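Trainee: Structure below; questions to follow.
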Amino acid sequence: QVQLVESGGGLVQAGGSLRLSCAASGRTFNNYPMAWFRQAPGKDREFVAAIDWRIGGLTYYADSVKGRFTISRDNAKNMVYLQMNSLTPEDTAVYFCAAKSGSIATRGHEYDYWGQGTQVTVSS
């Protein structure tokens with residue numbers, strides 16, 4: 001059974017940093033693009049960042065996080081990370097890890113596997 005488990009969320013002050021982790025199990029995700037999405041209360045889920053399966057390969061970021069967030073992966077450990085710096089209250093949301101077969105993508109409906117999410121709260 002495929003499983004994605006996020007961790008690393010929490011409460012942080014504006015300007016602070018958090019590192020989210022996503023552990024994949026149940027199959028090898030080495031050749032799967034993976035991504036982070038987020039959903040704030042009362043808002044639709046939105047794309048945050050995506051990374052191709054190749055080490056050093058393509059990465060995509062939402063404009064709202066570009067320059068502040070960094071996505072990375074460790075294929076040997078079946079892990080994906082999201083380093084979040086210079087956090088603002090607008091970054092408050094539940095963050096979800098997702099994986100898909102095929103090509104890297106930024107649209108949620110293209111992703112096949114999802115984690116349960118981890119809450120990130122940024123106080124002003």
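Trainee: Show me the strands (runs of 3 or more DSSP E) entirely contained within the range 3-87 in which 2 or more residues are touching a residue at least 60 places away in the same chain (Cβ under 8 Å). Let's see the steps before the verdict.
Mentor: Values: elements: 3-7, 10-13, 18-25, 34-39, 46-51, 59-61, 69-74, 79-84.
Passing ranges, in order: 3-7, 10-13, 18-25, 34-39, 79-84.
Trainee: On the given criteria, is ARG19 among the basic types (Lys, Arg) and touching a strand residue (DSSP E or B) at 6+ places or on another chain (Cβ under 9 Å)?
Mentor: It is true that ARG19 is among the basic types (Lys, Arg) and touching a strand residue (DSSP E or B) at 6+ places or on another chain (Cβ under 9 Å).
Trainee: Next question. Filter the range 40-54 down to the residues that are surrounded by 13 or more Cβ atoms within 10 Å (Cβ to Cβ), modelled with pLDDT under 95 and not basic (Lys, Arg) and list them by number.
Mentor: ASP52, TRP53 - these are the residues of the range 40-54 that are surrounded by 13 or more Cβ atoms within 10 Å (Cβ to Cβ), modelled with pLDDT under 95 and not basic (Lys, Arg).
Trainee: Here is a follow-up. With respect to VAL94, is the statement that it is of a type in the set (A, V, I, L, M), under 17 Å from THR106 (Cα atoms) and touching a residue at least 12 places away in the same chain (Cβ under 8 Å) true?
Mentor: The answer is no for VAL94.
Trainee: Take the residues in the range 83-109 that are out of contact with any strand residue (DSSP E or B) (no Cβ under 6 Å at 6 or more places or on another chain) and within 12 Å of PHE37 (Cα to Cα), then tell me which one is least open to solvent (accessible area, probe 1.4 Å).
Mentor: The residue in question is ALA105.
Trainee: Restricting the range 108-124 to residues that are in a loop (DSSP other than H, G, I, E, B) and under 13 Å from the mean Cα position of the chain (by Cα), which is farthest from VAL12 (Cα to Cα)?
Mentor: Ranking the qualifying residues of the range 108-124, first place goes to TYR111.
Trainee: Now, a different point. Taking the range 88-103 as the search range and keeping residues that are assigned to a loop (DSSP other than H, G, I, E, B) and within 23 Å of SER123 (Cα to Cα), which one is nearest to the chain's Cα centre (by Cα)?
Mentor: Ranking the candidates gives THR92 first.
The values are calculated or read from the model by the stated rules, or taken from the named source; none is laboratory data. Because the structure is predicted, anything quoted here is derived from the model rather than measured. With ideal geometry, Cβ positions are generated from the backbone for all residues, glycine too; neighbour counts draw on all protein chains shown. Surface accessibility is based on the protein's heavy atoms, side chains included, excluding ligands, DNA and RNA. Shrake-Rupley method; radii C 1.70, N 1.55, O 1.52, S 1.80 Å.
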